[in-house]
Amino acid sequence: MIYKIRLDSLKFFGYHGVQQHEKDFGQEFLIDCHLDVDAGGDDSIDSTVSYALVADEIEKVATKQRFDLIETLAQNCLSAVLSIDSRILRATITVHKPNAPLSQTFADVSVSVSGARGD
């Protein structure tokens, strides 16, 4: 069976951005991860992918590395997630930058990237 696992609005503090103050002071990022998982039907953690492990891997990328572009952050999160478990068939990562350096009023700035195992 194909299951959809969603982790929405994982919150991390990171130093991603082009502007120097983003690199120096950092800011909050929200990351969504949507997975298509080929999982078994029994009631056991061993028959599926641990969303806690997925969240841990995204956290490592978002907090232990620095990127100028949220596109690069999203791509690196995607690569990390797809390498966790062969049962993850496809993933979409969305990085939200709620404090993006814009002079306009806005609700959200985000970038999404999708990929499948073997892409």
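Taken together, the values in this text are just the output of simple stated rules run on the coordinates, not laboratory data. This one's a predicted model, so the numbers in the text were calculated from it and none came from an experiment. With ideal geometry, Cβ positions are generated from the backbone for all residues, glycine too; neighbour counts draw on all protein chains shown.
Evaluated with a Cβ-only charge set (Lys, Arg +1; Asp, Glu -1), the chain carries a dipole of roughly 260 debye about its Cα centre, given to the nearest 20. Note on L53/Y15: beta-carbon distance plugged into 1/(1 + (r/R0)^6) with R0 of 22 Å gives a FRET efficiency of 0.35.
What's the FRET efficiency of D24 with S83 using the Cβ-Cβ distance as r and R₀ = 35 Å, to the nearest 0.05? After rounding, the FRET efficiency stands at 0.65.
Largest GNM mean-square fluctuation among D108, D56, D36, using the chain with Cα springs under 10 Å: D108. Given +1 at the Cβ of Lys and Arg, -1 at the Cβ of Asp and Glu and no other charges, the dipole of region 56-119 around its Cα centre is 80 debye to the nearest 20. Magnitude of the charge dipole for region 21-89, about its Cα centre and with charges confined to Cβ atoms of Lys, Arg (+1) and Asp, Glu (-1), is about 300 debye.
Note on the chain: dipole from Cβ charges, positive end direction compared against T92, V18, A52; the farthest Cα belongs to V18. The modelled label-to-label distance for the pair D43/S103, using points 7 Å beyond Cα in the direction of Cβ, is 6.0 nm. Taking the longest Cα principal axis of the chain as reference, the axis of helix 70-82 is set at about 20 degrees.
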